[in-house]
Amino acid sequence: MERLSDRLLSWASLIDEQTIAQARTSSQMPFIHPHLALMPDAHLGLGATVGSVIPTRGAIMPAAVGVDIGCGMIAVRTPFTRADLTGRDLGDLRRRIERAVPLSAGHANRRITATAAPRIAELERLAAEAGFDPAARAKGWRLQLGSLGSGNHFIEVSVDETDALWMFLHSGSRGVGNRIAQHHIAIAQRICRDARIDLPNRDLAYLEEGSGEFAQYIRELRWAQRFALLNREEMMDRVAEQLGGFLGTEVEELERINCHHNFTESEVHFGERVWVSRKGAILADAGRPGLIPGSMGTASYIVEGKGNALSLNSSPHGAGREYSRSAARRTFTREQLREAMAGIEYRDTDAFLDEIPQAYKPIDRVMTDADDLVTVRHTLRQLVNVKGD
């Protein structure tokens with residue numbers, strides 16, 4: 001860990017000056033308490049740095065939470081092993097999963113499934129309690145539940161160091177969460193503009209605790225976080241069904257872990273209650289299970305938090321980009337992607353060039369930097385990868 005200033009601590013050994021400058025600007029907002037913590041995967045983001053833990057007293061910056069509210073990971077350990085897949089067509093398994101889960105931005109379900117119905121009913125009840133209509137943000141939100149999205153979201157079937165088979169996926173609150181975030185970011189910007197508050201960046205606009213706008217944001221934020229968690233649960237149930245159909249038997253779950261990495265919670269740190277916004281970071285209380293994915297084609301990790309107080313009980317959420325999506329497309333080739341994905345069943349397409357492993361920080365370096373934040377329980381290696389364009 002490196003103390004970059006009294007209000008900025010960093011666990012990142014691979015980080016550029018532009019990202020540090022962005023984080024330093026965020027750390028100087030008057031309500032940061034006691035300091036902003038940069039995780040090993042930190043990289044440039046919208047307003048606030050991706051891979052940062054931002055504790056605020058009496059205010060929240062909606063853009064510092066991120067636009068994919070509640071984005072995170074879910075993993076399920078099964079009783080199967082690598083041997084159960086030997087000699088089978090993994091392309092068939094991949095295609096089964098692709099048919100069961102809508103992929104890519106803007107894609108949604110055509111109907112509400114039996115497993116999705118009770119989850120949607122829960123979300124309808126929670127929205128009524130929160131005093132807002134999600135359809136005012138995204139009309140078709142119900143059909144979004146159980147859909148993956150695109151970018152770095154994925155579904156994988158992997159094995160750990162004992163050859164135990166895991167199902168693993170990454171997604172968030174989809175279009176409805178994005179619309180909720182954008183709505184409240186705009187409100188925060190308007191309030192700060194009308195109050196003539198001089199912001200170093202308009203995406204650091206904030207809502208003050210005690211205001212009606214703050215209270216409504218928290219209500220909708222918590223709803224979106226719940227949507228994201230249930231979205232992952234719904235997709236995982238579908239993946240389990242497809243894996244079971246592929247193997248000719250039901251899938252028994254031995255362990256399930258579901259955690260956010262774009263979210264806000266009220267917590268006590270250094271004797272004060274603060275709002276902790278983790279934008280690309282997971283909660284890593286002592287003993288808490290967590291998930292840290294690598295990039296496409298590399299290892300992912302099942303971890304346990306160490307409760308590091310200086311990190312505000314946090315850890316990284318993944319590898320962290322080194323190349324922007326456009327730069328990755330200009331730099332790397334489809335043949336390089338094929339080489340990186342050797343031995344892994346995936347959809348061979350130019351659409352995934354911006355997700356090539358070389359576009360990300362080396363995940364082993366990130367995990368070395370995170371040594372005082374988490375303990376690694378399992379290392380996962382991909383056998384099947386599913387992504388949206």
Please sort by residue number the GluC sites (Glu not before Pro) in region 166-275 whose DSSP state is loop and whose Cβ has at most 14 other Cβ atoms within 10 Å. 250, 252, 253
Given the -39500 (n - 2.57) contribution per DSSP H run of 4+ residues, what per-residue ellipticity at 222 nm results for the chain, rounded to the nearest 500 deg cm²/dmol? -10000 deg cm²/dmol
Classify region 80-183 from the C-alpha gyration tensor, please: rounded if a/c falls under 1.5, else prolate or oblate depending on whether a/b exceeds b/c. prolate
Sum of side-chain charges, residue 63 neighbourhood, beta-carbon under 10 Å (Lys, Arg +1; Asp, Glu -1): +1
Taking only Cα atoms, what is the 0 to 90° angle, nearest 10, from helix 212-247's long axis to the longest principal axis of the chain? 10 degrees
From zero up to wherever the largest Cα-Cα distance of region 4-104 sits, split into 10 Å bins and tell me the percent of pairs in each. 13, 32, 18, 17, 16, 4, 0
Inter-centroid distance (Cα atoms) of region 65-113 relative to region 325-347, Å: 20 Å
Under 21 Å Cα-Cα from residue 387, which lysines qualify once same-chain neighbours fewer than 8 residues away are excluded? 361
Can you compute the modelled spin-label distance between residue 377 and residue 338, with each label point 7 Å from Cα toward Cβ, in nm? 3.9 nm
For a quick check, take a GNM of the chain with Cα springs below 10 Å and name the residue from 132, 263, 227 with the largest mean-square fluctuation. 132
What is the sum of charges around residue 33, taking Lys and Arg as +1, Asp and Glu as -1, for the other residues whose C-beta is under 14 Å from the C-beta of residue 33? -1
Added length on full extension, which subtracts the Cα-Cα distance from 0.36 nm per residue, residue 135 to residue 329: 66.3 nm
Identify the GluC sites (Glu not before Pro) of region 122-207 meeting these criteria: DSSP loop state and at most 13 other C-beta atoms within 10 Å of the C-beta. 161
Kindly express, to the nearest 10 degrees and within the range 0 to 90, the angle between helix 90-100's C-alpha long axis and the longest C-alpha principal axis of the chain. 50 degrees
Cα-based Rg and Dmax for region 160-275, in Å, come out at 19.9, 64
Would you mind telling me which residue in 319, 228, 117 has the biggest mean-square fluctuation in a Gaussian network model of the chain, where springs connect alpha carbons within a distance under 10 angstrom? 117
1.4 Å probe accessible area per residue over region 44-88, in Å²: 27 Å²
Computed E for residue 348/residue 195 - FRET, C-beta separation, R0 56 angstrom, nearest 0.05: 0.60
Computed over the chain, the distribution of all Cα-Cα distances in 20 Å bins, rounded to whole %, is 29, 59, 12, 0
For peptides 200-206, 72-78, 38-44, 108-114, sequence by mean Cβ density within 10 Å, most packed first: 38-44, 72-78, 200-206, 108-114
Going by alpha carbons, how many degrees (0 to 90, nearest 10) lie between the helix axis of 116-130 and the longest principal axis of the chain? 10 degrees
Radius 12 Å from Cβ of residue 269, net charge of other residues (Lys, Arg +1; Asp, Glu -1): -2
Counting only protein heavy atoms and using a 1.4 Å probe, what share of the accessible area of region 258-389 belongs to carbon plus sulfur, as a whole percent? 46 percent
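The values are calculated or read from the model by the stated rules, or taken from the named source; none is laboratory data. A quick note: this is a predicted structure, and the numbers were derived from the prediction, not measured. Ideal geometry is used to build each Cβ from the backbone, glycine not excepted, and the neighbour counts take in all protein chains shown. Side chains included, ligands, DNA and RNA excluded: accessible areas come from the protein's heavy atoms. Shrake-Rupley method; radii C 1.70, N 1.55, O 1.52, S 1.80 Å.
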